[in-house]
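As structure tokens, the structure follows; a few thoughts come after it.
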Amino acid sequence: MKSLGDLLLKKKKELGQLVTIEVGKTPSEGEGEIQEMIDIAYFASGLSRQLYGLTMGSERPYHRLYEQWLPLGPMAVISAFNFPSAVWSWNAMIAAVAGDTVIWKPSTKAALVATGVMKAVSEALSDLGAPQIFSLMASKGAEGGEWISNEKRIPLVSFTGSTKTGTNLYEKVSKRMGRSILELGGNNCAIVSEKSDMKIALKGVAFGALATAGQRCTSTRRVIVHDSIYDEFVSKLKNIYGNVKIGNPRDEGVLVGPLIDKKAVDTYIKAIETAQKQGGKVLFEGKTLKLPGLEGGNYVRPAIVEA
């Protein structure tokens, strides 16, 4: 694990660029994701010395009882496009020091990053003369996930993605007496009181909503603001939205890159229309953008809706 972290550190910039190119994160976010892999490799390295088991006295004389942790076997990680490498590492590196092998089924929208990461990891293991305990699986659409869900030889499945898909996977894995680790969609809220530091609150809300083009399960989706500061807060937030730089994530100063695909754009526009039908008032118009030199890209202007 330590050597794996060292190699990822050497390849941090180029792997971070792959994240930017394929899923549209800014370079700082892309490299930040690789840094998370490095951190978890070093963490797992230390954790490998701490797999303790409890011991206790027995009612039988001259006996003691002890707790021993054993590997589960092959586990599977199904990751989403928005964190195309970090999520795999959080699971795989901890599993590895516990003695498990790992099958990785990346999002079909982020197979390039997964291939680059696996190539680097495989290289590190090969240099150490260690077995290739990590494997990568490519499939069309949901086929790979369906196979993993129903495969009895995989005792543990870790899934990151939508609540709908996660619920479906959980039912199938549970039915065969397997275990699941699920990280599903969020609907996160920031509460801004009249006692808050408005400058910090605005930064927190704006970055939480706009980073990764709002495509994180941890993205800020709702803000509850105290009456006494409401007008001022909304006015300043609209000003931030009006000045935020949207475009090619590799360009300097850009905070908001493209959405992952055309389907995501359609879902975004539909969400705004639904909010309006339910009585929402659009304070800052979200719409599709056609940017010079970026024709065909899935760019949108972020929206603010009063609900």
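Going by the structure shown, is Thr115 closer than 26 Å to Gly46 by Cβ, among the polar types (S, T, N, Q) and without any contact (Cβ under 8 Å) to a residue 60 or more places away in the chain? No.
When you scan the range 43-55, do you find a residue that is under 20 Å from Gly5 (Cα atoms), outside any strand (DSSP E or B), open to solvent by less than 50 Å² (accessible area, probe 1.4 Å) and among the hydroxyl-bearing types (Ser, Thr, Tyr), even just one? Checked against the condition, which is being under 20 Å from Gly5 (Cα atoms), outside any strand (DSSP E or B), open to solvent by less than 50 Å² (accessible area, probe 1.4 Å) and among the hydroxyl-bearing types (Ser, Thr, Tyr), the range 43-55 yields at least one hit. Please specify each residue of the range 163-190 satisfying the condition of being open to solvent by less than 70 Å² (accessible area, probe 1.4 Å) and in contact with a Pro (Cβ under 8 Å, 6 or more places away or on another chain). Within the range 163-190, just Gly178 meets the criteria. Does Leu65 qualify as being more than 29 Å from Glu252 (Cβ to Cβ) and either of a type outside the set (A, V, I, L, M, F, W, C) or open to solvent by 30 Å² or more (accessible area, probe 1.4 Å) (or both)? Yes: the conditions hold for Leu65. Of all residues in the range 150-167, exactly one satisfies the criterion of being touching a residue at least 60 places away in the same chain (Cβ under 8 Å) and basic (Lys, Arg), namely Arg153. Per this entry, Ser158 is counted among residues that are more than 21 Å from Leu9 (Cα to Cα) and either over 19 Å from the mean Cα position of the chain (by Cα) or not in a loop (DSSP other than H, G, I, E, B) (or both).
Conditions (1) over 30 Å from Thr212 (Cα atoms); (2) under 14 Å from the mean Cα position of the chain (by Cα), marked per residue:
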residue: Lys25; (1), (2): no, yes
residue: Asp39; (1), (2): no, no
residue: Gly46; (1), (2): yes, no
residue: Pro61; (1), (2): yes, no
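List every residue pair whose Cβ atoms sit under 6 Å apart, with the two residues 6 or more apart in sequence or on different chains, where the first one lies in the range 190-218 and is more than 17 Å from Ile246 (Cβ to Cβ) and modelled with pLDDT of 95 or more and the second, anywhere, is part of a loop (DSSP other than H, G, I, E, B) and open to solvent by 30 Å² or more (accessible area, probe 1.4 Å). These pairs meet every condition: Ser193/His226; Glu194/His226. When the criteria are applied in full, Glu33 fails the requirement of being over 28 Å from Ser149 (Cα atoms), of a type in the set (Asp, Glu) and out of contact with any strand residue (DSSP E or B) (no Cβ under 6 Å at 6 or more places or on another chain). The single condition among (1) more than 18 Å from the chain's Cα centre (by Cα); (2) open to solvent by 80 Å² or more (accessible area, probe 1.4 Å) that Gln17 does not satisfy is (1).
Checked against (1) assigned to a helix (DSSP H, G or I); (2) modelled with pLDDT of 95 or more; (3) open to solvent by 20 Å² or more (accessible area, probe 1.4 Å); (4) closer than 30 Å to Ile154 by Cα, Ser3 passes all but condition (2). Residue by residue through the range 250-270, note down the ones that are open to solvent by less than 60 Å² (accessible area, probe 1.4 Å), of a type outside the set (Ser, Thr, Tyr) and closer than 20 Å to Asn187 by Cβ. Leu259, Ile260, Ala264, Ile269 - these are the residues of the range 250-270 that are open to solvent by less than 60 Å² (accessible area, probe 1.4 Å), of a type outside the set (Ser, Thr, Tyr) and closer than 20 Å to Asn187 by Cβ.
The values are calculated or read from the model by the stated rules, or taken from the named source; none is laboratory data. Computed from a predicted model, the values in this text were never measured in an experiment. Neighbour counts run over all protein chains shown; Cβ positions are idealised from the backbone, glycine included. Calculation scope for accessible area: heavy atoms of the full protein, side chains included, ligands and nucleic acids excluded. Shrake-Rupley method; radii C 1.70, N 1.55, O 1.52, S 1.80 Å.
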